[in-house]
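Notes follow the structure.
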Amino acid sequence: MNKLSLGLVAAVALVVGIVIAINIAPPQSEQTEYIKLYPQARALPEFSLVDSKGQVLTNKNFRQQWTLIFVGYTFCPDICPTTLADLSSIYPQLQSIDGQYPIKVAFISVDPARDTTERLAEYIDFFEPDFIAATGEHADIFPFVRAMGMMYSISQSTDDPNYLVDHSASIVLINPQGNVIGRFKPEFAPGKVAVSDSERILHDMTILATEQ
């Protein structure tokens, strides 16, 4: 067989190999792009909060579902309302994801002195009545928030009725086993409120919630 024939045989073999690889090889699963996944899932400490309906909220309420959790307070002037409005805008799409477990959104107030059950109910219903809203004593809230990889602090005197609360702006994800697996960090841009991008959350949740 001359060199030309050998070259033709090699070229045909290469084309056949490419065709087989495209049509027979299993497709690669889509990967998340935006969530910062923790190296290992984090177990939450036992906690007991009270939701906007006056019901006790514990660890078991975050099992058998995906939960996007955001911490803040109802008197927050910018980050909290913007984040909740953005989550509300993608909530119908989140609910339509065909996964084994539903996707829920939870807002945890770190300002229990002002955020009563009634105020929480009125506040969260404005954005989405199906959202979970809860608060509790600082002794319960603080270790819960820390375990999720977030922080909050009240640096101003609470004698001022308009005091502000510093808090993390990330949205944390809890898996159906009730463990924290990662967070969506806020996007910083000049002239804009630093919040997590809702479309990026929707993109990654579509992948995570449908993984087998």
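The values are calculated or read from the model by the stated rules, or taken from the named source; none is laboratory data. Just so it is clear, the model here is predicted, and its values are computed rather than measured. Heads up, the Cβs are rebuilt from the backbone with ideal geometry, glycines too, and the neighbour counts pull from every protein chain shown. To get the accessible areas, we keep the full protein, side chains included, count just its heavy atoms, and leave off ligands, DNA and RNA. Shrake-Rupley method; radii C 1.70, N 1.55, O 1.52, S 1.80 Å.
Here is how the numbers come out for the structure above:
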| item | result |
| --- | --- |
| Computed lengthening from Asp130 to Asp159, 0.36 nm per intervening residue step minus Cα-Cα distance | 7.1 nm |
| Whole-percent carbon and sulfur share, accessible surface of the chain, 1.4 Å | 55 |
| Cleavage-rule hits, GluC sites (Glu not before Pro), region 75-142, DSSP coil, Cβ neighbours within 10 Å at most 13 | Glu137 |
| FRET efficiency for Met151 and Ala85, using Cβ-Cβ distance with R0 set to 25 Å, rounded to 0.05 | 0.60 |
| The chain - mean residue ellipticity at 222 nm from DSSP helices (-39,500 (n - 2.57) per run, n ≥ 4, rounded to 500) | -11000 deg cm²/dmol |
| Packing rank of 76-87, 47-58, where each peptide gets the mean count of other beta carbons within 10 Å, highest leading | 76-87, 47-58 |
| Computed over region 45-166: relative contact order in percent, which uses C-alpha pairs under 8 Å that are six or more apart | 32 |
| Summed residue charge, Cβ within 15 Å of Gln156's Cβ, Lys/Arg positive, Asp/Glu negative | -3 |
| Listed values (i) 121; (ii) 172; (iii) 201, entry calculated as volume of the Cα convex hull per residue in Å³ | (ii) |
| Equivalent ellipsoid semi-axes - Cα gyration tensor, region 105-212, angstrom | 26, 17, 15 |
| Lys/Arg +1, Asp/Glu -1 at C-beta; the chain dipole; positive extreme among Gln65, Ser155, Leu49 | Gln65 |
| Rounded to 5, percent antiparallel among DSSP beta bridges of the chain | 65 |
| Net +/- balance of residues flanking Thr135 in space, Cβ distance below 14 Å, scoring K and R +1, D and E -1 | -4 |
| Packing-based ranking, highest mean first, of 187-193, 167-173 given that Cβ atoms within 10 Å are counted | 167-173, 187-193 |
| Net lengthening on full extension, Ala43/Gln93 (0.36 nm per residue, minus Cα-Cα) | 15.2 nm |
| Label-zone membership for region 184-212, site Gln100, 7 angstrom Cα→C-beta point, backbone N under 11 Å | 210-212 |
| Probe 1.4 Å, accessible area per residue of region 41-156, Å² | 46 |
